[in-house]
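Note sheet for the following structure.
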Amino acid sequence: MRADRTTYATGDAYVSTGMIDSRAPAEAHRTPAAPGEPLLTVEDLRVQFTRGGRRINAVNGLSYEMVPGKLMAIIGESGSGKSVSSRALMGLLPGTATITGSIRFDGRELIGLDEKELRKLRGGDIAMVFQDPARSLNPTMKIGAQISEAVRAHADLDKKGVQARAVELLRLVRLPAPERRFHEYPHQLSGGMRQRVMIAIALAGEPRLLIADEATTALDVTTQAQIMELLVELRERLGMAVIMISHDLGLAASYAEDVVVMYAGRAVEHAPVRTLFSNVRMPYTRALLGAIPALEREPHSMLPVTPGQPPDMSALPQGCPFRPRCPNATDKCLEHPPFLEHEPDHWYACWHPAGTELDTAPEVTAAVAPATAAEAAHHSTAHDQGAAQ
Amino acid sequence: MTTAALPRVPGDRDPRVSPLRRVTGSPALRLVGKRLLMAIPIMLGVTILTFWVLSLIPGNAAQQLLGAEASPEDVAQLEEQLGLNESGVSRYLSWLGNALHGDLGNSLVSRQPVSEILADRLPVTGELVLLAFVVSLLLAIPVALLAAHKPNGLMDRISMMISTLGLSVANYVLALLLVLVFAVTLGWLPAIGYVPLSDGLWANLKTMILPSAAIGLPLFCFYTRFLRGDLVDQLQQEEYVTTARAKGVGSWQVLLRHAFRNSSFGLITVVGLNLGALIGGTVIIEQIFALPGVGQMLLQAINTRDFVVVQAAVVIFALVAVLANLVVDLMYAVLDPRIRYGSR
Ligand SMILES: Nc1ncnc2c1ncn2[C@@H]1O[C@H](COP(=O)(O)OP(=O)(O)OP(=O)(O)O)[C@@H](O)[C@H]1O
Ligand code: SF4
Ligand SMILES: [Mg+2]
């Protein structure tokens, strides 16, 4: 483990809610990346929804950092807080959400901005493309009107200028016959074309950060690849940073440079994509990858693809949230593992990272997926005893 | 609606489609045709039912006209004169035959042609309904927009309170309250009576304000609640609203251009469906305010067993309901591009 890690000072630069517990040193503060200042720094971001007296902690101290122009993937299973945390960046969460922590974009704190500043930010500095292009375009408005609206929100142009810019944007996203499509309605376009329109809308304000929230999930494989290629190309042409949110690790591996793995509303592992795949540390990421070396796996055994249930966000377990499902878990894991830069550029939050001397991974039976959390716990204890003999 | 499996683009001319098919293939025209065809069984059903119910009520027009003291011979003579001695079926069929030729017959009681009576009475009911509708919608839309702009805000709470109150009062109770306050206590408006539009707009309006308020206020409450709820649903649940917000457009623009546009479909449906109930309401209100409208005519005709006039009123009411549904469907077709281009 590295010695020179910076620990994150709690209670610094963000709204204190009394929610921050005493398990410091919690999330670590990342030292500025080498090529210039970070574009986006998320620190101990927490989002809590209050619904019917119940509190749902959708995001629980998320921290990550991103330099300009990067293509970063955020992955994690359903409900891990990917969408909520990225909507928090743009102030798009409903009134039932309480947001604390810090989001700095280009040195400016975004939490606590008023509605007017947020409106300038949305679509201006940060833009977003959503999952389902059939639902995210207004069915009763023409494509042209929907793009023009975005153009007008960020540029002072006359009617002709707005239209010219809108058509130019449609051309930029390679929508065939943009002049004709301008006068059509969303239902007249295919899914892939609609998503191109969504991207054109997102580009209207020349954003420096584009968030694609599962932008290709609803599309077929071929269209998915085309849209991803388009995003990669646009990023290079326009020099913007892209966050792609996905629960598809394969997709992230093919396109992203950096990967943040989220679990239960936190970042649990963050590394350049190569590092992550060659030296996976988090048992959760390993489970996502199904990357237990084949030698250690019994023939015909089940792949340990994240056994157990995703955590209940209103009642997280004590200590590491992955503990009930983790084959490596020990009593140490009742204490919360800090998210630290344990190796250069490789961040994770785990007491027993895989492939290190602290690894407690069971050698044989880890391959047999325990069905429930209780079973998982039973399994690992049984194993510890086995290893001791 | 059957549509071609091929994706259609407006302006596309499919050479396989004949010019005639192209015209009749217009979704709007097909819709009108379908609705009008459906109107036929509805009208037949409604008139037959009315006829049958009237025949169940003891007494007929001859007895009602001559009074209780009349001799059975006189009654029988008048019955023959009015054609009441024939069987119900043949009376209905001859009425139907004439009606199909545009002749709704003469009132059994006043001998006046029904078309003349309707010409007098329809404008009164029409004005009442129109005023109630226009005023309730003109008030409900801005109030609902203000309420939905800040859910649970001050405007929202106030409008919720008023509309809950307004919906819990029956319209005849409201009518009496209005009379009590504005006619009896304040003396601003007449309690009953009717002045035709030809005697001056203000004189006419003075007699129409209270009756149309009695009908329109509950409507206003209902529309406000409905529209507010639908707008809030759109704002909270629809993904295109998030897209609009993510573009950086202002909250009023999101509300008006996006949410309201889509909520208007629901509102139109509700307004159209309401029309039937509304016309039912006019019968009571015209009675309370002594307005010489179709509703009042209907009640009088039932009392005198004047089946010719009753039938005319029923036909009118049913026709209005059918037309209202047609208008709703056509508005849908105009407002919703997915229907306009026949892709759904
Ligand atoms: N408006 C809301 N009110 C209450 N809870 C919410 C709301 N939006 C999201 N949540 C909860 O927050 C948690 C995180 O949701 P989020 O949408 O961020 O997950 P995700 O990682 O994007 O998952 P997916 O892969 O399914 O999109 C979930 O438990 C979800 O139920
Ligand atoms: S080993 Fe412990 S700290 Fe690491 S993921 Fe498993 S439960 Fe969490
Ligand atoms: Mg999501």
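The values are calculated or read from the model by the stated rules, or taken from the named source; none is laboratory data. The structure presented is a predicted model; accordingly, all values stated were derived computationally and were not measured. Cβ placement follows ideal geometry from the backbone for every residue including glycine, while neighbour counts extend to all protein chains displayed.
Worth a mention:
- Matching entry among B:Ser110, B:Ser94 (being outside any loop (DSSP other than H, G, I, E, B) and either of a type outside the set (Val, Ile, Thr) or loosely packed, with under 13 Cβ neighbours inside 10 Å (or both)): B:Ser94
- Selection of region B:140-181 for residues being under 24 Å from the mean Cα position of the chain (by Cα), surrounded by 20 or more Cβ atoms within 10 Å (Cβ to Cβ) and among the hydroxyl-bearing types (Ser, Thr, Tyr) yields only B:Ser163.
- All positions within region A:143-168 that are crowded, with 23+ Cβ neighbours inside 10 Å and more than 10 Å from chain B (Cβ to nearest Cβ): A:Ile143, A:Ser148, A:Ala166
- Boolean, B:Gly33 is within 30 Å of B:Ala312 (Cβ to Cβ) and modelled with pLDDT of 75 or more: yes
- Selection from region A:64-91 of residues that are within 9 Å of ligand 1 (Cβ to nearest atom) and within 14 Å of chain B (Cβ to nearest Cβ): A:Ser83, A:Val84, A:Ser86, A:Arg87
- Exclusive hit being more than 14 Å from chain B (Cβ to nearest Cβ), modelled with pLDDT under 85, part of a loop (DSSP other than H, G, I, E, B) and within 12 Å of ligand 2 (Cβ to nearest atom), set A:Pro338, A:Pro299, A:Pro311: A:Pro311
- Test: B:Ala183 is modelled with pLDDT of 90 or more, farther than 22 Å from B:Thr304 by Cα and assigned to a helix (DSSP H, G or I): no
- Listing of helices (runs of 4 or more DSSP H) fully contained in region B:247-344 that carry 2 or more residues being modelled with pLDDT of 85 or more: B:261-289, B:294-303, B:307-335
- Test: residue in region A:60-75 that is over 19 Å from the mean Cα position of the chain (by Cα) and of a type outside the set (Phe, Trp, Tyr): no
- Filtered by the rule that a residue be within 14 Å of ligand 3 (Cβ to nearest atom), of a type in the set (A, V, I, L, M, F, W, C) and either within 25 Å of A:Gly52 (Cβ to Cβ) or not assigned by TED's automatic domain parsing to the domain that holds A:Leu209 (or both), region A:78-117 gives A:Val84, A:Ala88, A:Leu92, A:Leu93.
- One residue alone among A:Gly61, A:Gly101, A:Gly123, A:Gly107 is at positive phi and within 14 Å of chain B (Cβ to nearest Cβ), and that residue is A:Gly123.
- Check on A:Leu219, outside any loop (DSSP other than H, G, I, E, B) and farther than 19 Å from A:Phe105 by Cα: no
- Condition met for B:Ala214 (surrounded by fewer than 23 Cβ atoms within 10 Å (Cβ to Cβ), away from chain A (no Cβ under 14 Å), on the phi < 0 side of the Ramachandran plot and assigned to a helix (DSSP H, G or I)): no
- Taking residues in region B:192-210 that are closer than 15 Å to B:Pro292 by Cβ and part of a helix (DSSP H, G or I), and partners anywhere that are at pLDDT 85 or above and polar (S, T, N, Q), the pairs with Cβ atoms closer than 8 Å and at least 6 places apart or on different chains are B:Leu197/B:Asn204.
- Search result, residues across region A:180-198 that are away from every other protein chain (no Cβ under 12 Å) and either surrounded by fewer than 21 Cβ atoms within 10 Å (Cβ to Cβ) or closer than 13 Å to B:Ala246 by Cα (or both): A:Phe182, A:Gly191, A:Gly192
- Lone qualifier among B:Met331, B:Met297 - being within 14 Å of chain A (Cβ to nearest Cβ) and among the hydrophobic types (A, V, I, L, M, F, W, C): B:Met331
- Figure legend. Inter-residue proximity from region B:69-89: first residues closer than 20 Å to B:Arg111 by Cα, second residues surrounded by 15 or more Cβ atoms within 10 Å (Cβ to Cβ) and small (Gly, Ala, Ser), beta-carbon distance below 7 Å, spacing 6+ or different chains. Indicated pairs: B:Val75/B:Ala62; B:Leu78/B:Ala62; B:Glu79/B:Ala62; B:Leu82/B:Ala61; B:Leu82/B:Ala62; B:Leu84/B:Ala61; B:Leu84/B:Ala62.
- The residues listed here are A:Arg135, A:Arg122, A:Arg180; of these, the one that is farther than 24 Å from B:Phe265 by Cβ, touching a helix residue (DSSP H, G or I) at 6+ places or on another chain (Cβ under 7 Å) and in the same structural domain as A:Ser83 (by TED's automatic domain parsing) is A:Arg122.
- Tabulated pairs, region B:219-247, first within 14 Å of another protein chain (Cβ to nearest Cβ), second charged (D, E, K, R) and outside any helix (DSSP H, G or I), C-beta under 8 angstrom, 6+ apart or interchain: B:Glu239/A:Asp132; B:Arg245/A:Arg122; B:Ala246/A:Arg122; B:Lys247/A:Arg122
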